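Worksheet: one structure, shown below.
The values are calculated or read from the model by the stated rules, or taken from the named source; none is laboratory data. All of these numbers come straight from a predicted model, not from anything done at the bench. As a convention, Cβ positions derive from the backbone with ideal geometry for all residues, glycine included, and neighbour counts pool all protein chains shown. Note: accessible area is taken over every heavy atom of the protein model, side chains too, but ligands, DNA and RNA are not part of it. Shrake-Rupley method; radii C 1.70, N 1.55, O 1.52, S 1.80 Å.
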Amino acid sequence: MGRKIALSINRLSQNTQHVTRANELTGISKRLAQFVADLNYDDLPSDLVERAKLLILDISGIMVRARHDAESTPALINAVKRMGLANGKCSVMGDTESYAPPAAALINGTLAHSLDFDDTHAEASIHSGAPIVPAALAAAEISSCSGREFIAAVIAGFEVQIRLSLALNPSEHYARGFHPTATCGVFAAAAAAAKLLKQDEVGVRNAFGIALSQSAGSMQFLADGAWTKRSHVGQAAQNGLMCAFLSAEGFKGVDEPFEGKWGFLHSHAPNSDGDKATAELGSTWETMSLAVKPYPSCRYTHAAMDAMTEILSEHNLNWTDIDEIEIGLPQTGWNLTADPLSHKQHPKNVVDGQFSMPFCAAVILREGGMTWDDYAKHLNDQDTLALCTKVDVVVDPLAEEEFPANMAGVARIKTNGKTYERFVAVPKGEPENFMSQAEFRAKFEGLCEPYLGPTGADRLANTILTLEE
């Protein structure tokens, strides 16, 4: 009898938890869709608009450079052309040809993430511009929207994607092998495109409902340097665009894509916190918490790279005299950029290098900074690769304490019997340590001028920075 009573109590407790959780998740899809449909440029704070334009500028420069320099681009372009998707109505950054709308979104989205130089959100652990801006660009060209409408649509996408990742608990999402930039990005791309197609709340929610079946992105690329991290962000842009168009034509999606029994917040991370998806929606702008990258590598490497540049600048150290380097990161950053250390110390391609703390540290020691061109220069440089083997990476308690609010890092450099140490809580480019417009322009020009020339790069930058006009 006692055992039966215990089982009954346990079932009652489980049912109560299920009801509580169901109540917590009720209405998320509707509220997010209503927010997207109602968002109006004239209601946006001026600082939010200015920030959005800088973020669009940043991602555009990356797309231009990746169109020409990313090693995955030729295969991508050739596949699209082979499928007959060229000669369409939409543009690809840095390309003189036109493409079918889904192909343009796929290409631009893949390019935007191909250099791993795009924006990040520390707490949500995602990149935002890469899946969202390309989908919005394609929808904008088809719908002939205004610059103001384009800005509002991009911001709507940012808010949807970031909030979904926050709700998922990104560390648990990663632990299940998902890449939240893509899994959340398809909903954000659908939101931006649906807004530019002037969909109401029902239409946006329907686009979300179709996008549920397109939410994908596997972290398996970390095992072998595959290019799929790039392509599944491009596919999120492409699929989000297509979901918006399907919805606009009346194709029926599920009603509760986020909170439903098999919805996104149940299926992709069972311990999600649905309140985070809509908390202070429309009054607190997560877009303002997006950071930008001064270095073309995983964001978790940046604080330690900043720390190293400060040490090198202050003490004028020579890399040939360095005996050991110890880097301290939060656990999640260590998982991505240091595990297993033997593999990370011997990068063989760009993807390996982007997710190798030892390689990024070695380049900083050699160059005093890091640009996209350093991959070609250093991946086969024997001195740089030898320096990688001197880099140890540990989980640092101070960095872990800062996480997830900040992607902190510490660097300890041992040379000539001395140890130099520096801790950086907030890496350059975070909202509290943001880049100036001049720094944005410098990054943009460095990426674009080799292919657009100074005049072309300046014209494109000026166009983006005056989009509202």
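Residue-wise test of (1) hydrophobic (A, V, I, L, M, F, W, C); (2) modelled with pLDDT under 95; (3) more than 30 Å from Gln331 (Cα to Cα); (4) touching a strand residue (DSSP E or B) at 6+ places or on another chain (Cβ under 7 Å).
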site	(1), (2), (3), (4)
Met83	yes, no, yes, no
Tyr99	no, no, yes, yes
Pro102	no, no, yes, no
His121	no, yes, no, yes
Pro134	no, no, yes, no
Ala139	yes, no, yes, no
Val154	yes, no, yes, no
Residue check for Trp319: more than 24 Å from Ala124 (Cα to Cα), out of contact with any Cys (no Cβ under 8 Å at 6 or more places or on another chain) and open to solvent by 10 Å² or more (accessible area, probe 1.4 Å) | yes
Any helices (runs of 4 or more DSSP H) falling wholly within the range 162-244 and containing at least 1 residues that are surrounded by fewer than 23 Cβ atoms within 10 Å (Cβ to Cβ) | 170-175, 201-211
Yes or no: Gly240 on the phi > 0 side of the Ramachandran plot and either in contact with a Leu (Cβ under 8 Å, 6 or more places away or on another chain) or not aliphatic (A, V, I, L, M) (or both)?
-> no
Return the pairs, sorted by first residue and then second, in which the second residue is part of a helix (DSSP H, G or I) and crowded, with 20+ Cβ neighbours inside 10 Å, the first residue lies in the range 369-384 and is of a type in the set (Lys, Arg), the beta carbons are less than 8 Å apart, and the residues are 6+ apart or on different chains.
-> none
Within the range 216-269, track down each residue that is of a type in the set (Ser, Thr, Tyr) and more than 16 Å from the chain's Cα centre (by Cα).
-> Ser247, Ser267
Unique match (being of a type outside the set (Phe, Trp, Tyr), out of contact with any Cys (no Cβ under 6 Å at 6 or more places or on another chain), over 27 Å from Ala112 (Cα atoms) and surrounded by fewer than 23 Cβ atoms within 10 Å (Cβ to Cβ)) among Glu367, Glu400 | Glu400
Among the residues of the range 124-154, write down those that are over 13 Å from the mean Cα position of the chain (by Cα), not small (Gly, Ala, Ser) and not in a helix (DSSP H, G or I).
-> Cys145
For the range 64-123, enumerate the residues that are in a loop (DSSP other than H, G, I, E, B), open to solvent by 30 Å² or more (accessible area, probe 1.4 Å) and without any contact (Cβ under 8 Å) to a residue 24 or more places away in the chain.
-> Met83, Gly84, Leu85, Thr96, Glu97
